[in-house]
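Taking it in order: structure first as structure tokens, then the write-up.
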Amino acid sequence: MLLLQLNNDFVSRLIPMYGKEEAQQFFYILCEAYLGYKKVDVALNSHQAITAKFVQKFEKAVERLVTWEPIQYILGSAYFYGNEFVVTKDTLIPRPETEELVDWIVSDSENAEKKILDIGTGSGCIATSLALQLPAAKVIAVDISIGALVTAAENAKRLHASVNFEQQDILSATSFLDVYDVVVSNPPYVRNSEKEFMQPNVLEFEPQSALFVSDYNPLLFYKKIAHLFLAQAKKDAILYFEINEYLAEELSIFLVGIGFKLPEIKKDFRGKDRMLKAILK
């Protein structure tokens, strides 16, 4: 089969679900992963014969994509902050808005010798990126999931990042494991009632415990982390959260009420309230 034929067949099968543009993008991603071809190479080699071995790999990818499985899980990796991270069913797929949260912390930290805690590390993308960008810092990351921690540790080792990983259920914790200068978390923040607006690739494949919270207590993780921070943080310590855009005001009011200054909220590249920074009064 020629590469052009493979391309046409692949895209036509996925158009009903994803549309032509996204289906074509999937093909380019897989060509780079399987054949080492970038987009321009696909055009230049359109009449190259593709062996049955590689045709079968594309076929298997299509079979998984039509079930709405994310392409990152099919490939087993996703890019974040310029690096490739292994992702599994135990970890969320890193999002570009989370890169902006890392950017904020890096720009504030100026590579000082700070002790940083990442809560709910998942793939370790936040902790590992911070360790790489701030080599003078000591980075610690915790998660309740052993599976996630194994993946996170693999990512840090492969990228030569110095991160200490620990298992901890933050909701049952009575204290942090140490005293920190910076605490960051991207906790579950999507309310169950918001599920109806989400795509099947998220609902059916990404770990639900890392995504969703009850509508009756949507700030559950933020409240617990904030109280632990108050009890154990240094005087000039900083707390960073990735947040639900619909809960920014509610979270700000809560934080001010327990002893924080009015938090600073930043919008992501889509214009949504997505990041929060808080310091003590």
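Nothing in this text is a laboratory measurement; each read-out follows from the coordinates by a stated rule. This structure is a prediction, so every number in the text was calculated from the model and none was measured. When we count neighbours, we look across all protein chains shown, and the Cβ atoms used for this are built from the backbone with ideal geometry, even at glycine.
In the chain, the C-alpha radius of gyration followed by the widest Cα-Cα span (Dmax) gives 20.9, 67 angstrom. For region 112-214, the Cβ-based charge dipole about the Cα centre amounts to some 240 debye (Lys, Arg positive; Asp, Glu negative; other atoms uncharged).
Counting neighbouring beta carbons within 10 Å and listing from fewest to most, the residues ASP103, ASP236 come out as ASP236, ASP103. Summary of the geometry: region 1-28 and region 38-111, compared by the centres of their Cα atoms, lie 16 Å apart.
Given an 8 Å cut-off on Cα distances and at least 6 residues of separation, report the relative contact order of the chain as a percent.
Values: 467 pairs, mean separation 38.1, N = 281.
Rounded, it is 14 percent for the chain.
In sequence order, region 197-209 has phi-based couplings of 9, 9, 7, x, 5, 8, 5, 9, 10, 7, x, 4, 5 Hz under the Karplus curve 6.51 cos²θ - 1.76 cosθ + 1.60, θ = phi - 60°, and Gly or Pro positions carry x. Summarising the strand pairing of region 91-279, around 30 percent of its internal DSSP beta bridges are antiparallel. With contributions of -39500 (n - 2.57) from each DSSP H run of at least four residues, the per-residue ellipticity at 222 nm computed over the chain stands at -13000 deg cm²/dmol. Choose one of SER123, ALA137, ALA112: the residue whose Cα lies farthest towards the positive end of the charge dipole of region 81-185 (beta-carbon charges +1 Lys, Arg; -1 Asp, Glu; about the Cα centre). It is SER123, whose Cα lies furthest towards the positive end. Amide H contacts under 5 Å for ARG274: LYS266, LYS267, ASP268, restricted to partners 5 or more places along the chain or on a different chain, H placed in the peptide plane at 1.01 Å from N. Beyond 15 Å, what percent of the Cα pairs of region 1-95 remain? Result for the distance tail: 62 percent. One decimal place: the segment TYR79-ILE15 gains 20.6 nm when fully extended, by the rule 0.36 nm per residue minus the C-alpha distance. Scan around ARG191 for amide H atoms under 5 Å from its own, H built in the peptide plane at 1.01 Å from N, and keep only partners 5 or more places away or cross-chain. Placed amide hydrogens put VAL213 under 5 Å from ARG191. Were the residues from THR174 through GLU110 laid out at 0.36 nm apart, the gain over their Cα-Cα distance would be 20.0 nm.
All other residues whose Cβ lies under 9 angstrom from that of ALA141 are scored, Lys and Arg at +1 and Asp and Glu at -1, for a net of -3. Comparing GLU84, GLU21, GLU206, which has the greatest mean-square fluctuation in the GNM of the chain with Cα pairs linked when under 10 Å apart? Among GLU84, GLU21, GLU206, the largest mean-square fluctuation in the Gaussian network model of the chain belongs to GLU21.
For the chain, with only Lys/Arg (+1) and Asp/Glu (-1) charged at the beta-carbon, what is the dipole magnitude about the Cα centre, in debye rounded to 20?
Magnitude of the dipole: close to 220 debye.
Listed values for region 92-97 are Karplus-derived 3J(HN,Hα) couplings in whole Hz (6.51 cos²θ - 1.76 cosθ + 1.60, θ = phi - 60°), namely 5, 7, x, 10, x, 5, and x replaces Gly and Pro. For THR51 and LYS266, a Förster radius of 45 Å and the Cβ-Cβ distance give a FRET efficiency of 0.40, rounded to the nearest 0.05.
Over 27 Å apart at the Cα level, from the set LYS89/LYS261; LYS114/LYS261; LYS114/LYS281; LYS157/LYS266; LYS114/LYS223; LYS38/LYS277, are LYS89/LYS261; LYS157/LYS266; LYS38/LYS277. Each principal axis of region 132-281 carries a Cα extent, and these read 41, 40, 33 Å when sorted largest first.
GNM on the chain, alpha-carbon springs under 10 angstrom: the most fluctuating residue among LEU117, LEU75, LEU101 is LEU75.
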